[in-house]
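Notes follow once the structure below has been shown.
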Amino acid sequence: MASSTETDTDPAGYPTGRLGYDQGRSIGIQLAALVGFVLVWWAGALVTPQNLLPQPPAVLEVLVADVSSGLVFELTVQSLRHYVPGLLVGSAFGMAVGVLVGWSETVDLSVGTVASILRPVPPLAWIPFAIIWFGLNDSGAAFIIGIVAFWINYYNAESGVRGVDQQLLEVGQSLGTKTDLGLIRRVVLPSALPDLFTGFRTAAGQAWMVMVAAELLGVPGIGKHLWDAANFLQMQVVIAYMLVIGVLFLASDRLIKLLEARMLAWR
Amino acid sequence: MASSTETDTDPAGYPTGRLGYDQGRSIGIQLAALVGFVLVWWAGALVTPQNLLPQPPAVLEVLVADVSSGLVFELTVQSLRHYVPGLLVGSAFGMAVGVLVGWSETVDLSVGTVASILRPVPPLAWIPFAIIWFGLNDSGAAFIIGIVAFWINYYNAESGVRGVDQQLLEVGQSLGTKTDLGLIRRVVLPSALPDLFTGFRTAAGQAWMVMVAAELLGVPGIGKHLWDAANFLQMQVVIAYMLVIGVLFLASDRLIKLLEARMLAWR
Amino acid sequence: LNLGGGSSPDSLTLGTLNVFPMMQYFVIDQQGWYDDLGPDITVQTFGGGPPLVQAYASGNIDFAYVGISPGLVAIANGVSSKVVAANVLEPNVMVGSQEFRSYWTDHGADAFEQFRADKGRKPKFATLPAGSTPDVFLRYWITEVLGLSLDVVEILGQSPSALQSTLSTGNADAGSAIEPVPTLLKENPDSDMQPFKYAGEIMPGQPGAVLQPSQRLLDENPGLVQELVNIHVRATSFIHENRTAAAEMASEVIGSDILTTDVATKAINSPASNFISNPKRIVDKSLVYNDFHQQLGSVDTDLAESDVFDHSYYEEASSGE
Amino acid sequence: MTPNHSSTENDPDGEPTGTDTHADAATGETPQIAVADVSKTFQTDRGPVEAITDVTFDVARGEFVSIVGPSGSGKSTAFRIIAGLETPTDGAVHVDGTRVTEPGPDRGMVFQDDALFPWRTVAGNVRYGLEEVGAPEGFSVDERVQYCLELVGLTDKADAYPKELSGGQRQRVGIARALAVDPPILLMDEPFGSVDARTRTTLHRELLDIWAATRKTICFVTHDIEEAVYLSDRIVVFSDAPGTVRDVVTVDLDRPRDRTGDAFTDIKARVLSYFEDEPG
Amino acid sequence: MTPNHSSTENDPDGEPTGTDTHADAATGETPQIAVADVSKTFQTDRGPVEAITDVTFDVARGEFVSIVGPSGSGKSTAFRIIAGLETPTDGAVHVDGTRVTEPGPDRGMVFQDDALFPWRTVAGNVRYGLEEVGAPEGFSVDERVQYCLELVGLTDKADAYPKELSGGQRQRVGIARALAVDPPILLMDEPFGSVDARTRTTLHRELLDIWAATRKTICFVTHDIEEAVYLSDRIVVFSDAPGTVRDVVTVDLDRPRDRTGDAFTDIKARVLSYFEDEPG
Ligand SMILES: Nc1ncnc2c1ncn2[C@@H]1O[C@H](COP(=O)(O)OP(=O)(O)OP(=O)(O)O)[C@@H](O)[C@H]1O
Ligand SMILES: Nc1ncnc2c1ncn2[C@@H]1O[C@H](COP(=O)(O)OP(=O)(O)OP(=O)(O)O)[C@@H](O)[C@H]1O
Ligand SMILES: [Mg+2]
Ligand SMILES: [Mg+2]
């Protein structure tokens, strides 16, 4: 629906003038929110033991030091070495299985049943299997991340496929798409693409968190560094690297959103 | 679309006979899938060190012993004491905030911005705050579970609200619903109810996993028992309690599905 | 008896871990000895040292049975508390695969370089995360005892459960562990990982777990602390006199499905199960731990004996015997 | 007030609503709906699409005006702008002298594609507006629902959900829902598109009865010229895309009208002529 | 073959498709579409809803047959059963002597509510079927798309997405899409419902031209009796709900037909009479 604002008092100047005002307001609110957040944190830190919730400057100090020493980037690269393959492979499998389960009752009854047993296994409980099957390396950590990516994509793909408009399938069939594979490829996948994207975006976000847990395995990266700092009660380091993960999360999220906007232009 | 099966050879017997056949087939496939799963596990266990992947009978033994001693039920009750409040309170907050963020640009820019910073904080990293704010009790563990439930419900509610049919809002307004609150209550919430349910179901499942992690806090329950067993490499106990969590997961999932089918009869 | 003042609080919170070196606590719990104290004792069993220390720092805990390493980290970070009794002496064990052990037998300290030369990679040592009791023990062995650089090994700091899996699958060449892991490895037919060096040979006087009350409790209720130490000393004696009974108690507290009596009994008879009470016996090496924490770069407080220990309670308790 | 675009404040530089009056120069009287120089251009990825250009017409209080035009000529766009659902790129619509900025219960709407609340039964859909603004005088809410369902012949489907209805049944529910709150103005976008001839004739009669009894102002979009001639006082004829007003034809016939009468056929032919002499 | 209800096996006790033939007793010749004793009852929460009862009619090869009836009389239900989208509760439909069990490209479909692929442009929608079964002889795929878009007057919207179209434009894309693959049978459910009079007249003419040239068999659902009389060889008249066949009216007029001629008006009146003498 159109907004209730009136614009014809200055029709010529409207588009840019208005945009400028809106953008300014939007950035203003965002900045205010961020400042408010830091202030709340700071106030909280003043009434909390410093070694549990450090004040913002202590965290900033760590960040400055580790950025200038390059440690942040080194750890990020180490983490990406299992984050990226884990996310991609896990998501691909999850989408594939989810689409099949959503599509075919037989697959749902068989694979879906086994899935509902395995689903509640906590990611961390997979660690022993990661060690047995993949060893103490990036593959092992990627496996744990992949497990989480798998489930999220699986469920989104499944519900996306179940939500496909019946009539579009009917049209596809009436226009000569005979095989299940054809219908999946030409009707189901394009229809479910928004859900697939939602799943992938959620998984990409969740994967950052699991990465932290997966590095309990002993694989170096941001998460490992974070754990070590926590063991030494160095909460300013912990929070500094939580912020780093936050930035990485935002970056990956934007990237996927951009891709999504491109591929879902028809919406 | 109608199935391609033909039924008029015995029109009278169709409804019940067909249903019986279908149900039988469906249970058959599910059973076969379960048996297949156990066999794969067993085969895997034969080629894996026993203390990493125990064979099914070893796990069964633990289950039988702990069911007859009542330990399983005791641990379940302990876990439910933080699972249920954590899930409910976290979900309620998540839905409320998600709906507001999806609805209002201002809330999106302010709350949404802060959310995107806090979102990637791994649930485990909240443990220190859970300890400070809630102490070492069920409330502390419930807080960790609530955090996870919050995020999942938040994102589902947000995307549900964004997906509300524009035209239904227009109709609502034209029929006299003037206030934002009115539109939310009478158009947005009913429209987004399927998404809210999806969020809650996902959260209920995820919460079982987080519960395991939250009990690292020192709060007794299934997760705590599982960790102790893992630390002593008693994988038959770990797997036994993973199965217990699986059963609890299935039970909660069915319950929510049932509720959903009732409340979404119009679909 | 030390009857130093202070009114008795209604309840106290004990923070502890379900690990073998907490044997004194297991005995006290099973014997019900805390029941005779004035206050109720609420027990919080944590999943690991770090959350326990965080809880300690938040002021939610009155006294702890904790590993010396996290205990020291807490003190260095301003968590006011003192070690008043020790649990165990020289608990760490070096375990190694058949292959690494033969390198060790043949080459001694040169085993690392030799291994690397033959295999093209450094030997992998699995242990708990950096700064933990077994981790510092490993570092001490390599640098102080063998006089080597840490470069000769690849150290894998893992969570406890990951460590168990790693050692029993042979995904590392060796590792630093505490009971009952060495016992479990010995029992495990699939694993060729065996103990090859005990802490007594590497780090005489190595500390393990300790009894560590908060400074507030010490200040306000020294009498109560004295009671706790008395009970602790009694538990240590009980362990020495009734090893099998103590093992059963450990199994009972941790869960008999998790730690079977059989394994517990074997573990308690291991050379690494040297239960003591006297905190003086671990002072030297505890300060070495503090040095390593500083070296690891995460602690900047140099602790003295008086910052960490208060021996008076143990002296009082043992003087009665 | 869309998801994530809710903006309850007034635009600082907008005119305050409810104060400015827009007098119709031609009649000297304030028309109920005044559409003045309205243009609308949609921005798409493939460049701007001009939907309507400089559309100007009035609807007097109690008048029945139809908009006819070929497919894609911007009828729905004009309808949405009058309803307050779309902001014109240029020009403005005033209702009762007040600039239209958002939809409201003074303007009941019936859409081209039925926009029923899928989670409400047929009766629940009709009841929606009554729950907001109450039943019109002389009715209880339940009576009003019953009355409106009778009007469109769907009493037996009161408890059905929208998905269980046929296309025409759904559209009739939409009409009943808009009528229920008894708005002074009715905006209808091809409301009888999927209704069969007989029901349509009944609904035509009912609509005219309601209109006569309540003196509602009706703005009716249709592509069916016969329908327009049968119902309206005046017909606004849109040109091919982008829509402009080619003519406003006055239908000066007594009601009930005879669809086969000469005067009727003449007017129909006149409206039709606008389309036949166009190229394409 | 629905999401999660895909069942590619044949029902063990069903008739094998493609072998049994269903001879029409009346003519002795096999009709292209034979609808025999078809009934359909929907199961709803509020009990069963009988949509059509014992519907029987035939459509000969190359014949143009319309189904008319009031809203809710089961026209769309009958259409869906012929298309193979719905299983009849009783009775059966045979096409070319083969029992209908699923949709296929031999029966092009146009739906009452346009069911366009939202992720494909207008041209992409029309191309869909061509990508499956190839372009008809004498065309390249692109030529065929171009040709069909010209037919429905949407060449300039080739690159627009469905959401950017008006209601009538969307329906025309649906028609172009069904025509593109040149199916021997066309099933159309109120395809011209939201199309304006002029475009509709054009499309009527085009449809008849295509039909004459290709001798397609057309089964056409509409509630517009004039449309039915103008287009069809025979008209199947449905009663009020639950739908039964009241009569099959033969329209024995030469084409092109004069909509105002006496014979035309007579037939129209005859069909109309079925509805006027009904109660309610
Ligand atoms: N959201 C939009 N984005 C881009 N173009 C649009 C949009 N809505 C409408 N249009 C274009 O504006 C023109 C007018 O559309 P409109 O829906 O008003 O036509 P209409 O007269 O209602 O047609 P119909 O009788 O077929 O419903 C069309 O060319 C259409 O493609
Ligand atoms: N899925 C369904 N569930 C329950 N009832 C249904 C369903 N589909 C149709 N019906 C009912 O069956 C009857 C016939 O519906 P159908 O859609 O065939 O009518 P129609 O003749 O096409 O009407 P219209 O001209 O309005 O489109 C109606 O009473 C309708 O409510
Ligand atoms: Mg329109
Ligand atoms: Mg229909």
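The values are calculated or read from the model by the stated rules, or taken from the named source; none is laboratory data. Small disclaimer: the values here were computed from a predicted structure and weren't measured. Cβ: placed from backbone, ideal geometry, glycine included. Neighbour counts: every protein chain shown. For accessibility, only protein heavy atoms count, side chains too; no ligands or nucleic acids. Shrake-Rupley method; radii C 1.70, N 1.55, O 1.52, S 1.80 Å.
Brief remarks on what is shown
- Note on region D:225-270 and region E:39-66: Cα centroid distance 38 Å, given to the nearest whole angstrom.
- Rotation relating E and D, chain D residue nearest the axis via C-beta, angstrom: D:Gly193, 3
- Rel. contact order, % - alpha carbon contacts under 8 angstrom, at least six apart, chain E: 23 percent
- Over all directions, the projected convex hull of the C-alpha atoms in region E:108-253 averages 9.3 nm² in area.
- Averaged per residue, chain C has 34 square angstrom of accessible surface, using a 1.4 angstrom probe with ligands and nucleic acids left out.
- Sequence-distant aspartates and glutamates (8 or more away, or on other chains) whose Cα lies within less than 19 Å of C:Lys285: C:Glu90, C:Asp135, C:Glu144, C:Glu201, C:Asp300, C:Asp302, C:Glu305, C:Asp307, C:Asp310
- The sum of -39500 (n - 2.57) across all DSSP H runs of n ≥ 4, divided by the residue count of chain E, sets its helix-only mean residue ellipticity at 222 nm to -9500 deg cm²/dmol.
- Hydrodynamic analysis of the protein assembly as shown uses the Kirkwood radius over alpha carbon pairs. Inserted into Stokes-Einstein at 25 °C and 0.890 mPa s, it gives a translational diffusion coefficient of 67 µm²/s.
- For A:Ser139, neighbours were defined as the other residues whose beta-carbon sits under 15 Å from its Cβ, and their charges (Lys and Arg +1, Asp and Glu -1) total -1.
- Among the trypsin sites (Lys or Arg not before Pro) in region E:222-273, those placed in a DSSP loop whose Cβ has at most 14 other Cβ atoms within 10 Å are E:Arg259.
- Think of the axis that spins chain B onto A; the B residue whose C-beta lies nearest it, and the distance in whole Å, is B:Ala213, 4.
- Portion, in percent, of the accessible area of region B:85-237 that falls on carbon or sulfur, probe 1.4 Å: 70 percent
- Antiparallel beta bridges, as assigned by DSSP with both residues in chain C, represent about 55 percent of the total such bridges.
- For B:Ala261, inter-copy label distances in nm, listed shortest first [label point 7 Å out on the Cα-Cβ vector]: 4.2
- Taking amide H positions as modeled 1.01 Å from N, with prolines and chain starts lacking one, the residues under 5 Å from C:Asn274 and 5 or more places away or on another chain are C:Leu89.
- Stokes-Einstein D in µm²/s, Kirkwood radius over Cα pairs - chain D at 37 °C with 0.692 mPa s viscosity: 166 µm²/s
- Shielded by partner chains, region C:151-165 residues - at least 50 Å² of accessible area, 1.4 Å probe, vs chain alone: C:Ser161, C:Gln164, C:Ser165
- Position E:Asp209: other-copy label points at 4.5 nm, ordered by increasing distance, label point 7 Å along Cα→C-beta.
- Carbon plus sulfur fraction of accessible area for region D:114-182, probe 1.4 Å, in percent: 42 percent
- The residues of region B:45-122 present an accessible area of 42 Å² per residue when probed at 1.4 Å with all protein chains retained.
- Only protein heavy atoms count here; under a 1.4 Å probe, B:Glu74 has an accessible surface of about 100 Å².
- Helices assigned as whole DSSP H runs in chain D whose Cα atoms extend at least 18 Å along their own long axis and whose mean Kyte-Doolittle hydropathy is -0.5 or higher are found at D:122-133, D:167-180, D:197-214, D:262-276.
- Here chain C has 42 percent of its accessible surface on carbon and sulfur atoms, given a 1.4 Å probe and all protein chains in place.
- Bridge orientation summary for the protein assembly as shown: considering DSSP beta bridges with both residues in this region, about 55 percent are antiparallel.
- In the full protein context, region E:114-182 carries 36 Å² of accessible surface per residue, based on a 1.4 Å probe and ignoring ligands, DNA and RNA.
- Residues of region C:241-279 that bury at least 30 Å² of accessible area once all protein chains are present, compared with their chain alone (1.4 Å probe, heavy atoms only, ligands and nucleic acids left out), are C:Asp257, C:Ile258.
- For region A:68-263: rounded, prolate or oblate by the Cα gyration tensor [a/c cutoff 1.5]: prolate
- Between region A:98-177 and region A:188-267, the alpha-carbon center distance in angstrom: 19 Å
- Take the accessible area of chain B alone and of chain A alone, subtract that of the pair, and you get about 4400 Å² summed over both chains, using a 1.4 Å probe.
- In sequence order, calculated HN-Hα J values of region E:225-241 (Karplus, 6.51, -1.76, 1.60; Hz; x Gly/Pro): 5, 4, 4, 4, 5, 5, 8, 8, 7, 9, 10, 8, 9, 8, 7, 4, 4
- Computed over region C:56-167, the quotient of the alpha carbon radius of gyration and 2.2 N^0.38 Å is 1.29.
- Mean-position separation - Cα centroids, region C:216-249 and region C:52-117, in angstrom: 22 Å
- Between copies, the label points of A:Leu60, set 7 Å from Cα on the Cα→Cβ line, lie 6.4 nm apart, reported in increasing order to one decimal in nanometres.
- For region C:104-175, the relative contact order is 38 percent, taking Cα pairs closer than 8 Å that sit 6 or more residues apart in sequence and dividing their mean separation by the residue count.
- Chain A, relative contact order in percent, only Cα pairs under 8 angstrom and at least six apart counted: 23 percent
- Those residues of region E:196-226 for which accessible area with every protein chain present is at least 30 Å² below the isolated value (1.4 Å probe): E:Asp196, E:Ala197, E:Arg198, E:His223
- Candidate membrane-span-like segments in chain B, meaning DSSP H helices with Cα atoms spread over at least 20 Å of their own axis and a Kyte-Doolittle mean of -0.5 or above, are B:14-46, B:71-103, B:138-162, B:189-214, B:235-263, with no membrane implied.
- Here is the interface size for B with D: some 2800 Å² of accessible area buried, both sides summed, with a 1.4 Å probe.
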